[in-house]
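The next block holds one structure in the form of structure tokens; read it before the comments.
Quick note: the coordinates plus some simple rules give every number you see, no bench work behind them. Since the model is a prediction, treat every value here as computed from it, not as a measurement. Cβ placement follows ideal geometry from the backbone for every residue including glycine, while neighbour counts extend to all protein chains displayed.
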Amino acid sequence: MNLKTDQEIALLEKCSLLVGKTLAEIAKIIRPGVSTKHLDKIAEEFIRDNGAIPGFLNYNGYPASLCISVNDTVVHGIPDEKTILNEGDIVSVDCGTIIDGWYGDSAFTFEVGEVAPEIKQLLKVTRESLELGIEKAVAGNRVGDIGYAIQTYVESFGYSVVRDLVGHGIGRNMHEAPEIPNYGRRGNGVKLVEGMVICIEPMINMGTFRVKMLNDGWTVKTADGKPSAHFEKQIAVRKNKAEVLINYDEIDKIIKDKS
Ligand code: MF3
Ligand code: CO
């Protein structure tokens, strides 16, 4: 098993905190009229200015520093000039960093201007489900306990959990064992051990859990065209409470100041 020392977790925290800061930079400038390409450019510059390397750029050939996924795009939307954000959109911004060979990876779904109440609720519930999952990410529990907590919560609102994409371990590679599904059964799956570092990333759909992949080989959309939300945090498994390596405090503050 791929356990990290406290020292290694401190390095991963540096990567993760920089992801949080980068997402806060995005929070400052996200608004109607901006292209997803522009957001990507700002993120890449910010990451490099902070002495890090964008974690996603060239990963398996991925062509950008952020994944920017609007409305019915679930994940892995590729930033481009022609995707302009509109009032009422929801936008998952997923960001990765590398410092000294260690990876940071986290995501936040932003609201652009005024968003319809039922879509606001999808975001709120998805974010809450991530926190419920994190509560279960303690030594002695199993991976299925995380998925169960997320799934039962979101399904109680009539939402569905994407099955085709899952969270993951992370370290010197962006994706390491174990997989962290956002669905599951209590007491099932790999046992969580202190020193594991994982990314929990619920992808929650308003309609069907089914997704489709576009011809670009990256963009994943909901099969029914209904909206999808995505929040991701990188955490270290500890004895009684997960050590969360990123926080949304700065992002939340910027969003609050804007409104
Ligand atoms: N957070 C996403 C994941 O865990 C990052 C995608 S990275 C990409 O899959 F570079 F492949 F797009
Ligand atoms: Co991830």
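Say we look at the range 169-180 and pick out the residues that are farther than 13 Å from Leu192 by Cβ and crowded, with 20+ Cβ neighbours inside 10 Å; which of these is nearest to the chain's Cα centre (by Cα)?
Top of the filtered list is Ile170.
Collect the residues in the range 150-173 that are in contact (Cβ under 8 Å) with a residue 40 or more places away in the chain, of a type in the set (A, V, I, L, M, F, W, C) and either more than 30 Å from Asp224 (Cα to Cα) or away from ligand 1 (no atom under 13 Å from the Cβ) (or both), keeping them in residue-number order.
Ile150, Val154, Val161, Ile170
Do we find a residue being closer than 18 Å to Thr219 by Cα and either among the polar types (S, T, N, Q) or touching a strand residue (DSSP E or B) at 6+ places or on another chain (Cβ under 7 Å) (or both) anywhere in the range 22-29?
No, the range 22-29 has no match at all.
Under the condition of being part of a strand (DSSP E or B) and among the basic types (Lys, Arg), which residue from the range 200-240 is farthest from Glu135 (Cα to Cα)?
Checking each candidate, the answer is Lys212.
How many residues, within the range 174-193, are touching a helix residue (DSSP H, G or I) at 6+ places or on another chain (Cβ under 9 Å) and either among the hydrophobic types (A, V, I, L, M, F, W, C) or touching a residue at least 40 places away in the same chain (Cβ under 8 Å) (or both)?
12
Please pick out the residue among Thr126, Thr152 that is over 19 Å from Ala236 (Cα atoms) and either away from ligand 2 (no atom under 16 Å from the Cβ) or part of a loop (DSSP other than H, G, I, E, B) (or both).
It is Thr152.
Going residue by residue through the range 36-46, is there one that turns out to be surrounded by fewer than 21 Cβ atoms within 10 Å (Cβ to Cβ), without any contact (Cβ under 8 Å) to a residue 60 or more places away in the chain and within 16 Å of ligand 1 (Cβ to nearest atom)?
Yes, the range 36-46 contains at least one residue that is surrounded by fewer than 21 Cβ atoms within 10 Å (Cβ to Cβ), without any contact (Cβ under 8 Å) to a residue 60 or more places away in the chain and within 16 Å of ligand 1 (Cβ to nearest atom).
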